[in-house]
Amino acid sequence: MIKFFNTLSGKLEPFQPLNPGKVKLYTCGPTVYDHAHIGNFRAYIFEDLLKRFLLFMGYEVTQVMNITDVDDKTIKGAQAEGIKLEDYTKKYIESFFEDIEILNINKADYYPRATEHIPDMVKMIKGLLKKGFAYRKNGSIYFRIGKFPNYGLLSKMDLTELKPGQRTEADEYEKESAQDFALWKDKKEGEPFWETEIGSGRPGWHIECSVMSSKYLGQTFDIHCGGVDNIFPHHENEIAQSEAYSGKKFVNYWLHCRHLIVEGEKMSKSKGNQYTLRELLKKKCDPLALRFLLLATHYRKMLNFTFEGLRQAEASLQRIKDFIYELENRKFKMEENKDIPTLIEKTRKKFIEGLSNDLNFSVSLTALFEMIRRVNTLIAKEKLGTKNAKELISLTYSFDKVLAVLPQKEEKTLSVEIEEKIKIREKARAEKNYEQADKIRQELLELGVVLEDTKNGVRWKIKKKK
Ligand SMILES: [Zn+2]
């Protein structure tokens with residue numbers, strides 16, 4: 001049985017999706033006003049672990065991750081550079097997708113953008129106005145938290161601190177100032193705005209997640225994730241808007257990961273320790289070791305990122321790679337050690353047990369490394385067989401569906417035949433025989449090889465099988 005700690009109930013709960021075998025998952029995505037930093041990656045990697053584990057267990061997962069491309073921060077950034085909002089957010093959207101690719105983060109099924117869902121937001125706000133959960137004031141529209149009795153349940157807020165009737169326009173604010181929040185902000189000088197039925201202006205931050213989650217996952221869905229800093233006000237407000245609008249329960253399981261600190265200190269831009277992936281890559285960090293490091297600490301514990309920890313993660317990763325290398329390349333003298341199937345079964349069981357218990361991955365990793373240690377001893381004593389090696393390789397690669405740190409062999413090299421085709425196409429292009437070049441490109445595409453012509457010559461990619 002899989003159990004998750006549900007922030008809403010404050011308890012460990014058995015996981016049961018609404019539809020057996022199918023999980024609908026919403027994960028709050030990036031606000032694209034800057035490059036993502038390791039604190040953001042901690043959340044994305046935790047969510048990736050959750051998703052990959054559910055897939056590993058045979059669930060079908062539909063994941064939505066929003067992209068906040070209009071809010072206080074993005075508008076401020078665009079104003080500071082004196083460019084259009086979309087030109088400003090574009091480069092950060094691109095860098096976000098590059099980063100998640102480098103970190104082997106499984107792609108969501110949908111990445112809806114706030115600016116592309118304004119009519120949907122208008123529709124929900126109209127509904128909230130109609131039901132009396134929202135009101136107009138000076139051209140803006142606010143959510144009336146006093147009318148929603150469950151306000152504060154997720155963040156366990158002391159209701160005496162609520163200040164209904166007082167309003168805030170800010171997208172983010174302190175817990176102490178729980179107030180009626182903006183669903184729609186009146187048009188302001190120098191800010192982007194949309195002409196809509198409810199007036200000229202732009203949406204608040206919180207409404208987008210309520211709208212885009214229900215649009216792609218339905219009004220009630222299984223899991224909603226984020227970092228603990230999203231609990232209030234963002235997720236509290238999402239619940240209020242969604243449940244007031246639909247009259248249904250919004251989300252069954254709320255999972256939140258804790259903060260990340262760097263070398264024992266709070267992360268901040270002024271300290272220069274808010275590392276982006278780019279900065280870490282410049283420091284010769286292996287991105288998959290970073291992935292491993294972020295995976296290894298339980299998501300509800302504070303994670304202390306250190307460069308020493310990163311080196312240890314690299315060493316752990318190397319142990320797994322060496323293990324696979326040994327199994328693949330050594331000539332074994334025997335066919336089978338009859339004890340190995342039991343070891344494999346035990347390891348698989350522990351691996352699943354760890355993750356099933358609120359994603360306690362360190363238990364799973366201990367099982368994996370304990371198995372590696374034992375098998376290495378057997379190899380040294382020449383007590384491992386060819387059949388065993390094959391089974392151990394396939395077990396380790398099956399674990400890697402969750403870990404996602406091992407090189408995918410088939411993507412590293414091309415067959416001689418395909419390489420030959422690429423050469424012929426290069427030649428055809430050089431001779432301006434574009435017809436033949438295109439024909440070969442198409443043939444390769446059918447074989448799953450995508451060609452990209454760049455200034456520095458042709459590059460190839462294997463189309464990812466999902
Ligand atoms: Zn959100």
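The values are calculated or read from the model by the stated rules, or taken from the named source; none is laboratory data. The structure displayed is predicted, hence computed values, not measured ones. Positions of Cβ are generated from backbone atoms using ideal geometry, with glycine treated the same way; all protein chains shown enter the neighbour counts. We work out accessible area using only protein heavy atoms, side chains counted, and drop any ligands, DNA or RNA first. Shrake-Rupley method; radii C 1.70, N 1.55, O 1.52, S 1.80 Å.
Observations
- Just so you know, in the range 218-228 the residues that are more than 13 Å from the ligand (Cβ to nearest atom), of a type outside the set (D, E, K, R) and open to solvent by less than 10 Å² (accessible area, probe 1.4 Å) include one that is nearest to His37 (Cα to Cα), and it is Ile223.
- Residue check, Lys346 under 30 Å from His298 (Cβ atoms), open to solvent by 10 Å² or more (accessible area, probe 1.4 Å) and modelled with pLDDT of 95 or more: yes
- With respect to the conditions (1) buried (at least 21 other Cβ atoms within 10 Å of the Cβ); (2) in contact (Cβ under 8 Å) with a residue 60 or more places away in the chain, Phe56 lacks only one, and its number is (1).
- Of His235, His206, all but one fail to be in contact with an Asp or Glu (Cβ under 7 Å, 6 or more places away or on another chain), in a helix (DSSP H, G or I) and within 11 Å of the ligand (Cβ to nearest atom); the exception is His206.
- Inside the range 130-152, residues that are assigned to a loop (DSSP other than H, G, I, E, B) and surrounded by fewer than 16 Cβ atoms within 10 Å (Cβ to Cβ) make up a count of 6.
- Out of Phe53, Phe5, sole residue that is within 27 Å of Tyr275 (Cβ to Cβ), among the aromatic types (Phe, Trp, Tyr) and away from the ligand (no atom under 16 Å from the Cβ): Phe53
- Test: residue in the range 306-321 that is touching a strand residue (DSSP E or B) at 6+ places or on another chain (Cβ under 8 Å) and either open to solvent by less than 30 Å² (accessible area, probe 1.4 Å) or in contact (Cβ under 8 Å) with a residue 40 or more places away in the chain (or both): yes
- Residue within the range 192-203 that is acidic (Asp, Glu) and either part of a loop (DSSP other than H, G, I, E, B) or open to solvent by 20 Å² or more (accessible area, probe 1.4 Å) (or both) present: yes
- Per this entry, Thr377 is counted among residues that are over 30 Å from Glu47 (Cβ atoms) and of a type in the set (Ser, Thr, Tyr).
- Matching residues in the range 85-122 - criterion: being open to solvent by less than 30 Å² (accessible area, probe 1.4 Å) and without any contact (Cβ under 8 Å) to a residue 60 or more places away in the chain: Tyr88, Thr89, Ile100
- Pick from the range 9-32, criterion open to solvent by 50 Å² or more (accessible area, probe 1.4 Å) and closer than 30 Å to Phe96 by Cα, ranking: nearest to the ligand (Cβ to nearest atom): Lys24
- Near pairs, Cβ below 8 angstrom, 6+ apart or cross-chain, from the range 221-238 (without any contact (Cβ under 8 Å) to a residue 60 or more places away in the chain) to any residue that is within 11 Å of the ligand (Cβ to nearest atom): Glu238/His206; Glu238/Cys209; Glu238/Ser210; Glu238/Ser213; Glu238/His224
- As a summary of the residue check, Phe41 satisfies the conditions (1) over 17 Å from Asn106 (Cα atoms); (2) away from the ligand (no atom under 16 Å from the Cβ) except for the one numbered (1).
- Given (1) within 16 Å of the ligand (Cβ to nearest atom); (2) open to solvent by 10 Å² or more (accessible area, probe 1.4 Å), index of the condition Asn66 fails: (2)
- When Glu189 is tested against (1) more than 15 Å from the ligand (Cβ to nearest atom); (2) surrounded by 21 or more Cβ atoms within 10 Å (Cβ to Cβ), just one condition goes unmet, and that condition is (2).
- Leading residue by the ranking (farthest from the ligand (Cβ to nearest atom)) among those in the range 244-262 that are open to solvent by 40 Å² or more (accessible area, probe 1.4 Å) and modelled with pLDDT of 95 or more: Gly247
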